[in-house]
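Since the structure comes first, as structure tokens, the remarks are kept for the end.
Bear in mind these aren't lab numbers, they're just calculated from the coordinates by the rules spelled out. Here the structure is a predicted model, which means the values were calculated and not measured. Note: ideal-geometry Cβ built from the backbone for every residue, glycine included; neighbour counts use all protein chains shown.
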Amino acid sequence: MLGSYSEYQQELFSRVRQLRKTKGLTFKAIADALIAEGYKSPRGGLLGAESVFSIYKKGVGRETRLNAPPVVLIKGIEVDGD
């Protein structure tokens, strides 16, 4: 699937969401916790508050988009009366 998350990206988003939801941590505190656990950004860089916010925002948007009901639009119907 084009644009799908790698296993690491999904794991990282799940961990960010868990820390945000269950402990109510700030994005800076989440970044510090993830660094302490040995996590890095998906491209191997350091995690900062801005990176964690981006991971969270994009992950929530992705879940919303994937879980949304499909939009079906029917147009241009022709009936031939043979």
Legend entry - Computed [θ] at 222 nm, helices only, for the chain once each DSSP H run of length n ≥ 4 contributes -39500 (n - 2.57): -18500 deg cm²/dmol
Legend entry - Among 36, 16, 52 - extreme Cα towards positive end, dipole of the chain, charges at beta-carbon: 36
Inset, instruction - Calculate the all-directions average of the projected area of the chain's alpha-carbon convex hull, and give it in nm². - result: 8.3
Inset, instruction - Assign unit charges at the C-beta atoms only (+1 for Lys and Arg, -1 for Asp and Glu), then state the dipole size of the chain relative to its Cα centre in Debye, rounded to the nearest 20. - result: 660
